[in-house]
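Engineer: After the structure tokens below, expect a handful of questions from me.
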Amino acid sequence: MSNENNTTQATETAQFPSNVLPKNIDKLTAYSSAKSEKLTGTTWLNANESPYTRAYELSRTEFNRYPDPQPESVINAYSAYVGLSAKQVVMTRGADEGIELLVRTFCTPSQDSIALFAPTYGMYKVTADTHNVAINALSQEVLQQSDVSDIVAQIGDSKLVFICNPNNPTGAMVSTQKIAAIATQLQDKAIVVVDEAYIEFCPEQSAVSLINDFNNLVVLRTLSKAFALAGLRTGFTLASEALLAPFRKVLAPYPVASVVADIAAQALSTSNIVSMRRQVGILNALKQRLSQWLQQSAAVNKVLSGEGNFVTLQLHDKSAITRAYERGLVMRPFTLYGQDNWLRISIGSEQELSEVKAWLDSLTNDNQ
Ligand SMILES: *Cc1c(COP(=O)(O)O)cnc(C)c1O
């Protein structure tokens, strides 16, 4: 193809004058999410999405009016689902917006910090960086193995403490007793944020019931994973009324589109919650099967199998990832513990996982 018609299509993005940009923004690199990388493929196991689909119909067809800022039917259904009062639930544009609102509400830019336990979900750092809030990067090892007073000492004067539970991408869990003990020691000092994006895969380990005992504890939830609605962009921030009062001041006036509220209410019907739980049972069983295949494969060095709808593993040879792309199989590569040969595989359908098995077999079979 000729380039002649493409003279305006610059190969390099023009630089915006950095004297106009704040320094923290100038330094950012655009977040590369699983979806933004424009990969081509046929089997998508890179974003921890659900393989299940369901058709939704809109109950309204007119949109000339602004929506309900916090749609009552959704708030009531979600508060019943988690066993909290409606006043302890805020609906947001994904759990990601909850993360952002927490940083904007509770951190003073260029003064405060957030604590996190690496490796963990990338958006805590991205959000802090964009708001000029510092990061106190602790390790998962500290969270798992140190005692509470030591953890609290290392948290220091960080304002928000993000505990991803189950942790993405390691699948590790920390007990609700330990979370409660950390929140106790941080009372009147800092807020513990428990990100439960994957909690439906291990619901008995939720920290939600602690919300009635702690003013400084937040739980983040989403409809993107077990509820199979990543495209809807819906999450929930759960906390005491006192904690949510300043949070609500920072929330945009109309954060939830009426079409989103309509679909979210349907997704939270009793019958849909029953089918979500049935799907979780199937996905958890498939995860066991995938972990076994990986543990038995000579191409795999280490498997981190934990909770959540994903398995993370270390390959012996990173080129196996290219072999997967060649088969149309898209999984999520990671650099963990300084090594770039890690891969996270989302639990898809049985058919999709058989593509993973075929790829694994091809790696160790010379006569492929
Ligand atoms: C997927 C994910 C989210 C994002 O949820 P959205 O509701 O889609 O914004 C938040 N936290 C963790 C740990 C996740 O893996």
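Engineer: Taking amide H atoms as placed 1.01 Å from N in the peptide plane, list the residues 5 or more away in sequence, or in a different chain, whose amide H sits under 5 Å from that of S50.
Structural biologist: So S50 has HN proximity to A228, A230.
Engineer: What are the ³J(HN,Hα) couplings of region 42-47, residue after residue, when phi is run through the Karplus curve with 6.51, -1.76, 1.60 and θ = phi - 60°? Round to Hz, x for glycine and proline.
Structural biologist: Calculated HN-Hα couplings, in order: 10, 10, 9, 10, 10, 10 Hz.
Engineer: Using DSSP to define loop residues, name the GluC sites (Glu not before Pro) in region 16-113 whose beta-carbon has at most 12 other beta-carbon atoms within 10 Å.
Structural biologist: Taking region 16-113 and a limit of 12 other Cβ atoms within 10 Å, the loop GluC sites (Glu not before Pro) found are E37, E57, E62.
Engineer: With a/c under 1.5 counting as rounded, go ahead and sort region 72-268 into rounded, prolate or oblate using the C-alpha gyration tensor (a ≥ b ≥ c being the square roots of the eigenvalues; past the cut-off, prolate if a/b is larger than b/c, else oblate).
Structural biologist: Prolate shape, in that a/c is at least 1.5 and a/b is the bigger ratio.
Engineer: Rounded to the nearest 5, what is the percent of antiparallel bridges among the DSSP beta bridges in the chain?
Structural biologist: Close to 50 percent.
Engineer: Starting from the Cα-Cα distance between Q145 and A86, subtract it from 0.36 nm times their residue separation and give me the gain in nm to one decimal.
Structural biologist: Separation in residues times 0.36 nm, less the Cα-Cα distance, equals 17.6 nm.
Engineer: Could you tell me whether region 117-227 comes out rounded, prolate or oblate from its Cα gyration tensor? Rule is a ≥ b ≥ c as square roots of the eigenvalues, rounded for a/c under 1.5, then prolate if a/b exceeds b/c, otherwise oblate.
Structural biologist: rounded
Engineer: Follow-up. Can you work out the Karplus-derived ³J(HN,Hα) for every residue in region 110-116? Use 6.51 cos²θ - 1.76 cosθ + 1.60 with θ = phi - 60°, whole Hz, and x for glycine or proline.
Structural biologist: So the Karplus estimates, Gly and Pro as x, are 6, 9, 8, 9, 10, 9, 9 Hz.
Engineer: With a point put 7 Å past each Cα toward its Cβ, work out how far Q205 is from D317 in nm, to one decimal.
Structural biologist: It works out to 3.4 nm between the two label points.
Engineer: With the dipole of region 72-268 worked out from charges on the C-beta (+1 for Lys and Arg, -1 for Asp and Glu) around the Cα centre, which of S139, A153, S224 lies farthest toward the positive end?
Structural biologist: S224
Engineer: Spin-label point model (7 Å from Cα, Cβ direction): what's the Y56 to D361 distance in nm?
Structural biologist: For the pair Y56/D361, the computed spacing is 3.8 nm.
Engineer: What list of ³J(HN,Hα) couplings, whole Hz, do you get for region 51-59 from phi and the Karplus terms 6.51, -1.76, 1.60, once you set θ to phi - 60° and write x for glycine and proline?
Structural biologist: Result, ordered by residue: x, 7, 10, 8, 8, 10, 10, 7, 8 Hz.
Engineer: If you don't mind, there's one more thing I want to ask. When a/c reaches 1.5 or more, the comparison of a/b and b/c decides; with that in mind, is the chain rounded, prolate or oblate per its Cα gyration tensor?
Structural biologist: Rounded, since a/c falls under 1.5.
Taken together, the values in this text are just the output of simple stated rules run on the coordinates, not laboratory data. What you see is a predicted model; the values in this text were computed from it and never measured. So basically every Cβ, Gly included, is an ideal-geometry build from the backbone, and we count neighbours across all protein chains shown.
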